[in-house]
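Asks: Can you read through this structure? Questions will come right after.
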Amino acid sequence: MRLVMLLLLAGCTGDKDTDDTSAITDTTETADTSATDTSTTGDSGTTDTSTTGDSGTTDTSITDTNATDTSVTDTGITLETCDQIAAAFHAETEDIRSCKEATECGQVLTGTSCGCTQNWIARLDADVTDFYALIDQASAMECELIPDSSCDCPNVYGFACDEGTCAWEYDSPLPTCRAADGDAYTLTKALIVKDELRLTASASGGCAPHDFTICWPSPWFEGAGKLEVTELEIHHDDHNDPCDAIISEDIRYDLAPLREAWKATYQQPSGSFLLRVGEHELTYTF
């Protein structure tokens with residue numbers, strides 16, 4: 001009986017095992033998602049890629065290494081060579097200089113010659129924007145478009161349509177004869193009515209026809225002041241008329257050629273000049 005009690009006490013008061021287990025799991029997952037910055041220039045090139053960190057940032061850029069300074073015409077043709085530019089320039093020049101009559105011409109293409117009255121001429125209504133744009137591109141690419149020309153400034157008398165192309169008029173509209181080389185006469189009247197010079201000349205005769213010719217012996221304008229001056233003369237041929245009666249002749253001349261000559265010389269659309277005929281001085285305003 002005593003033995004049983006001792007065994008029971010031993011079961012109640014034995015070593016107590018404490019199993020204290022705590023598991024704290026602190027898990028932090030950080031995801032660094034890379035950002036990609038990509039820029040593309042041109043159609044083809046080289047790729048520059050850099051990566052930062054374990055799952056870093058990728059920076060990708062494409063740079064065009066084959067860039068060419070070109071232009072595109074109205075027809076969509078890209079001009080990349082001097083030959084292509086020259087062909088486009090030739091076609092554009094033909095277009096803006098084409099004409100059917102002289103009155104269409106008069107736009108000076110400055111810079112096409114080192115001579116002031118050697119520059120090319122275009123139509124008055126021509127748009128020369130593309131013409132000068134092609135010259136600028138050719139200069140940038142060191143292409144030669146315009147041939148060399150003489151650097152003088154010959155007298156001009158307006159503009160001409162020469163075989164379908166606008167040009168300067170280098171031929172005087174009047175002969176360069178002189179009054180001193182003809183027969184005697186007296187200029188009794190001289191005036192300008194609008195664009196017409198009206199003269200009256202008298203001479204002795206009555207038995208043969210008489211010819212009076214207006215001459216421009218010095219076919220240019222003098223002076224650079226407020227009023228330029230030019231002089232006309234009258235050449236008289238009496239065809240050896242033996243009679244002594246006094247005849248009178250009315251002479252008419254359209255001043256438009258002189259007007260156009262002045263406008264071409266001074267590159268002004270309107271103005272005036274002093275016209276001397278014999279002892280008469282007339283102011284022509286237009």
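Asks: Can you tell me which residues in the range 171-201 are under 19 Å from residue 262 (Cβ atoms) and either among the polar types (S, T, N, Q) or without any contact (Cβ under 8 Å) to a residue 40 or more places away in the chain (or both)?
Replies: Of everything in the range 171-201, those that are under 19 Å from residue 262 (Cβ atoms) and either among the polar types (S, T, N, Q) or without any contact (Cβ under 8 Å) to a residue 40 or more places away in the chain (or both) turn out to be 171, 172, 176, 193, 194.
Asks: Which one of these does residue 189 not meet: (1) crowded, with 18+ Cβ neighbours inside 10 Å; (2) outside the structural domain of residue 104 (by TED's automatic domain parsing)?
Replies: With (1) crowded, with 18+ Cβ neighbours inside 10 Å; (2) outside the structural domain of residue 104 (by TED's automatic domain parsing) applied to residue 189, the lone miss is (1).
Asks: May I pose another question? Test each condition in (1) acidic (Asp, Glu); (2) closer than 28 Å to residue 221 by Cβ; (3) at pLDDT below 95 for residue 148 and report the one that comes out false.
Replies: Exception for residue 148: condition (2).
Asks: Let me ask something additional. Here is a check on your reading of the model: is residue 270 loosely packed, with under 14 Cβ neighbours inside 10 Å, over 31 Å from the mean Cα position of the chain (by Cα) and assigned by TED's automatic domain parsing to the domain that holds residue 185?
Replies: no
Residues are listed down the side, and each one gets a yes or a no for (1) assigned by TED's automatic domain parsing to the domain that holds residue 84; (2) out of contact with any Pro (no Cβ under 8 Å at 6 or more places or on another chain); (3) over 24 Å from residue 86 (Cα atoms):
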| position | (1), (2), (3) |
| --- | --- |
| 123 | yes, yes, no |
| 130 | yes, yes, no |
| 149 | yes, yes, no |
| 153 | yes, yes, yes |
| 157 | yes, no, yes |
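Asks: Being under 28 Å from residue 252 (Cα atoms), of a type in the set (A, V, I, L, M) and either within 21 Å of the chain's Cα centre (by Cα) or part of a loop (DSSP other than H, G, I, E, B) (or both) is the filter here, so list the residues in the range 150-181 that pass it.
Replies: Passing the criteria: 156, 160, 174.
Asks: A further question on this structure: Count, please, the residues in the range 208-231 that happen to be surrounded by fewer than 11 Cβ atoms within 10 Å (Cβ to Cβ) and at pLDDT 95 or above.
Replies: 1
Asks: Moving on to the next point. Is it the case that some residue within the range 138-146 is hydroxyl-bearing (Ser, Thr, Tyr) and surrounded by fewer than 16 Cβ atoms within 10 Å (Cβ to Cβ)?
Replies: Scanning the range 138-146, I find at least one residue that is hydroxyl-bearing (Ser, Thr, Tyr) and surrounded by fewer than 16 Cβ atoms within 10 Å (Cβ to Cβ), so the answer is yes.
Asks: Take the range 232-258 and flag every residue that is surrounded by fewer than 19 Cβ atoms within 10 Å (Cβ to Cβ) and in a helix (DSSP H, G or I).
Replies: 256, 257
The values are calculated or read from the model by the stated rules, or taken from the named source; none is laboratory data. A quick note: this is a predicted structure, and the numbers were derived from the prediction, not measured. Methodologically, a virtual Cβ is constructed for each residue, glycine included, from the backbone with ideal geometry; neighbour enumeration extends over all protein chains shown.
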